[in-house]
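First the structure, in the form of structure tokens, and then the observations on it.
Just so you know, all these numbers are worked out from the coordinates, no wet-lab data involved. This is a predicted model, so every value here is computed, not measured. Note that each Cβ is placed from the backbone with ideal geometry, even for glycine, and that neighbours are counted across all protein chains shown.
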Amino acid sequence: MSDRESNGTSAKPESTSTRNGKSGSSSRSTRTRTRGTGAGTGTKSGAGSGSRSKSPQPAAEEPAEQPAPKKPGAAQVLRSAQDTLEALTGLESESVSSVIRGEDGGWTLHVEVVELRRLPDSTSMLGSYEVTLDEDGELTGYRRLHRYERGKADPK
């Protein structure tokens, strides 16, 4: 029992601040803290000596929950595509004009980049790039679609 108390004591400063706000009684938070010390998910394990023997089992449950990573969303893919294109071309990304998710889960983006800075800025040269990514957000290809002066309207 002194081992349990010494283990609980080392976790008390961290757990007290987190659990005191959630639980009304300090004795309840102490019991939860003692069970949670070994496994990290002590609320599912039994009380007393059962919590010691079941300590390895909750640890085995954690990897089962981790293999389902969430696929990146449009905003994350957008930022990743801009950063990757800047790294590959050395050009500054100006904006993203379209984001399309394909039926296969992949992504197609149109990114506007500054290819040549001029003064005044309205005469700077921009390039419109098509960037393709797989369903995990990894770059699979890119190409320049056209190049234009910032101040000019698209030709019809």
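Residues in region 87-100 that are assigned to a strand (DSSP E or B) and either free of Cβ contacts under 8 Å to residues at least 12 places away in the same chain or more than 13 Å from Tyr142 (Cβ to Cβ) (or both): Glu92, Glu94, Ser95, Ser97, Ser98, Val99, Ile100. Among the criteria (1) on the phi < 0 side of the Ramachandran plot; (2) touching a residue at least 24 places away in the same chain (Cβ under 8 Å), the one Glu103 does not fulfil is (2). Of all residues in region 97-156, those satisfying the criterion of being among the aromatic types (Phe, Trp, Tyr) and closer than 12 Å to Ala81 by Cα are Trp107, Tyr129, Tyr142.
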